[in-house]
Amino acid sequence: MPELPEVETIRRTLLEHVKDLKIEEITLIWPSAVCGWQDKSFEGLATGRRIKTIERRGKYLLIMLDEDLTLIAHMRMTGRLNYFAESQEPEKHTHVVFRLEHGELHFSDVRKFGRIQAIPTPLCISESSLRKLGPEPLEKEFTPEVLKERFGKKKVFLKAALLDQTVLAGMGNIYVDESLFLAGLSPNRRVDTLSKEENLRLHRAIQNVLQAGIDARGTSFRDYRDANGEKGSFELALQVYGRGGEPCRGCGQTLERIRLAGRTTVYCSRCQN
DNA sequence: ACTAACCTGTAA
DNA sequence: TTACAGGTTAGT
């Protein structure tokens, strides 16, 4: 489910509720959802710690606790983090319950792909999958030159390159297809064939689409909800994702639906070259 | 560079 | 019954 705009929305809505709260008790309903550090258990490390802040890196949420402990959470496809002011009965797919000083935090995931890992904060980047991530697309350091440099000597399809988290962190199937439509570029193009002007257009499209996604509080095409259980509204603004076979909003031609880089890909063969 | 695997639910 | 789903990774 969540790509950068959804994870960012979860981060913001969660932080409002849990900042400075102590984790008083952790109940593992499905223990495989969490992972400790070396010989120490997840619940042993995190219980009694206070939540200082929550950051985001790509699609990862970094819940930073006192005493130099960080919980790295990844929602994969259907993971959710929900805050409840009152104690709640866990739902069918709730795997972890954090009892806080005030209220509870529930981690749920229908498909059981999502994970939360406890790790000492100083090792949070060097010893985790964060190490390999590409730049943050909304930071000012991410310029058109950086985008070109990240593509490097690759010859892969644009679609594959933008989905690659080591090239750029945070884009997934929705925002890649939307960015390519906005940039007027075909997902079938090889990254090494972009002109300077096309590279500029792509860079601008990526930033515009991700920012619009955040402003709309994410895309609730299917399962996504924020920490309050509320939907986003970016699905109303989607130009191509999920619209295969329907008319292009730009030119009216039927949108193509193909399989590329192992993922369903929708684009307009007239507007995107 | 592609596919299978990890899982469950929903829609065709 | 089968195909497919906002992701990642380990295997050809």
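What follows is calculated from the coordinates using simple rules that are stated; it is not laboratory data. Everything numeric in this text was worked out from a predicted model, so none of it was measured. Note: ideal-geometry Cβ built from the backbone for every residue, glycine included; neighbour counts use all protein chains shown.
A straight line joining the Cα centroids of the stretch A:218-264 and the stretch A:170-214 runs 15 Å.
The stretch between A:Q253 and A:S126, if pulled fully straight at 0.36 nm per residue, gains 41.0 nm over its current Cα-Cα span. Across chain A, Cα-Cα pairs farther apart than 25 Å form 47% of the total. Taking Cβ atoms as reference points and 15 Å as the exclusive limit, the residues near A:G262 contribute a net charge of +2, counting Lys and Arg as +1 and Asp and Glu as -1. For A:R56, the residues whose modelled amide H falls within less than 5 Å of its own, excluding neighbours fewer than 5 places apart on the same chain, are A:L62. Helical runs assigned H by DSSP (4 residues or longer) give chain A a calculated mean residue ellipticity at 222 nm of -7000 deg cm²/dmol, each run adding -39500 (n - 2.57) before division by the residue total.
Students often get this wrong, so check it: of A:K59/A:K196; A:K159/A:K231; A:K40/A:K154, which have C-alpha atoms separated by over 32 Å? All intermediate terms of the calculation are to be shown ahead of the outcome.
Values: A:K59/A:K196 28 Å; A:K159/A:K231 27 Å; A:K40/A:K154 41 Å.
Beyond 32 Å between Cα atoms: A:K40/A:K154.
Indicate, rounded to the nearest 5 percent, the antiparallel portion of the DSSP beta bridges found entirely in chain A.
Values: 43 of 45 bridges.
Approximately 95 percent, going by the DSSP bridge assignments.
Note on chain A: GNM, Cα springs under 10 Å; of A:L158, A:L236, A:L45, the largest mean-square fluctuation is that of A:L236. Along the stretch A:188-194 the Karplus relation, 6.51 cos²θ - 1.76 cosθ + 1.60 evaluated at θ = phi - 60°, assigns HN-Hα couplings of 7, 5, 7, 4, 7, 9, 6 Hz to successive residues, with x for each Gly and Pro. Placing unit charges on each Cβ (+1 for Lys and Arg, -1 for Asp and Glu) gives chain A a dipole about its Cα centre, and among A:S108, A:S186, A:G36 the Cα reaching farthest toward its positive end belongs to A:S186.
Each residue of the stretch A:240-247 was assigned a 3J(HN,Hα) from its phi angle through the Karplus curve 6.51 cos²θ - 1.76 cosθ + 1.60 (θ = phi - 60°); the sequence is 10, 4, x, 10, x, x, 8, x Hz, with glycine and proline shown as x.
Simple point charges give the picture: +1 on the Cβ of Lys and Arg, -1 on the Cβ of Asp and Glu, and for chain A a dipole about the Cα centre of about 1280 debye. In this structure the amide hydrogen of A:L65, modeled in the peptide plane, comes within under 5 Å of the amide hydrogens of A:K52, A:T70, A:L71, none closer than 5 places in sequence on its chain. Rg then Dmax, both in Å and based on the Cα atoms of the stretch A:172-273: 13.9, 44. Loop-located trypsin sites (Lys or Arg not before Pro) across the stretch A:191-258 with a Cβ neighbour count of 13 or fewer within 10 Å are A:R222, with loop assigned by DSSP.
By the scheme Lys and Arg +1, Asp and Glu -1, what is the net charge of all other residues having a beta-carbon under 12 Å from that of A:T121? Don't skip to the end; give the middle numbers.
Details: positive: A:R49, A:K52; negative: A:E55, A:D66, A:E67, A:D68, A:E127.
My count for the surroundings of A:T121 gives -3.
Here the calculated FRET efficiency for A:F113 and A:K155, from their Cβ-Cβ distance with R0 = 35 Å, stands at 0.70, rounded to the nearest 0.05.
For the stretch A:48-120, run through the GluC sites (Glu not before Pro) and keep only the ones in DSSP coil with at most 16 other Cβ atoms within 10 Å of their Cβ.
Working: sites: A:E55, A:E67, A:E86, A:E91, A:E101, A:E104; in loops: A:E67, A:E86, A:E91, A:E101.
Those satisfying the criteria are A:E67, A:E86, A:E91, A:E101.
Compute the signed sum of charges (Lys and Arg +1, Asp and Glu -1) over the other residues within less than 10 Å, Cβ to Cβ, of A:L62. Present the calculation step by step, with values, prior to reporting the outcome.
On the way: positive: A:R11, A:R56, A:R57; negative: A:E55.
Taking every Cβ under 10 Å from that of A:L62, the sum is +2.
Assign one of three labels to the stretch A:9-72, namely rounded, prolate or oblate, based on the Cα gyration tensor with a ≥ b ≥ c the square roots of its eigenvalues; rounded applies when a/c is under 1.5, prolate when it is not and a/b is larger than b/c, and oblate otherwise. Don't skip to the end; give the middle numbers.
Working: a/c = 1.64, a/b = 1.38, b/c = 1.19.
Prolate is the answer for the stretch A:9-72, as a/c is 1.5 or above and a/b outweighs b/c.
Assuming a viscosity of 0.890 mPa s and a temperature of 25 °C, what translational diffusion coefficient in µm² per second does Stokes-Einstein assign to the stretch A:23-155, Rh being the Kirkwood radius over Cα pairs? Answer, rounded: 152 µm²/s. Backbone phi angles across the stretch A:118-129, fed through the Karplus curve with coefficients 6.51, -1.76 and 1.60 (θ = phi - 60°), yield HN-Hα couplings of 8, 8, x, 3, x, 9, 4, 8, 5, 10, 9, 6 Hz in residue order; Gly and Pro are listed as x. Report the full-extension gain for the segment A:S233 to A:T27: residue separation times 0.36 nm, less the Cα-Cα distance, to one decimal in nm. So the extension gain works out to 70.9 nm.
For the pair the stretch A:83-99 and the stretch A:4-49, the centres of their Cα atoms are 12 angstrom apart.
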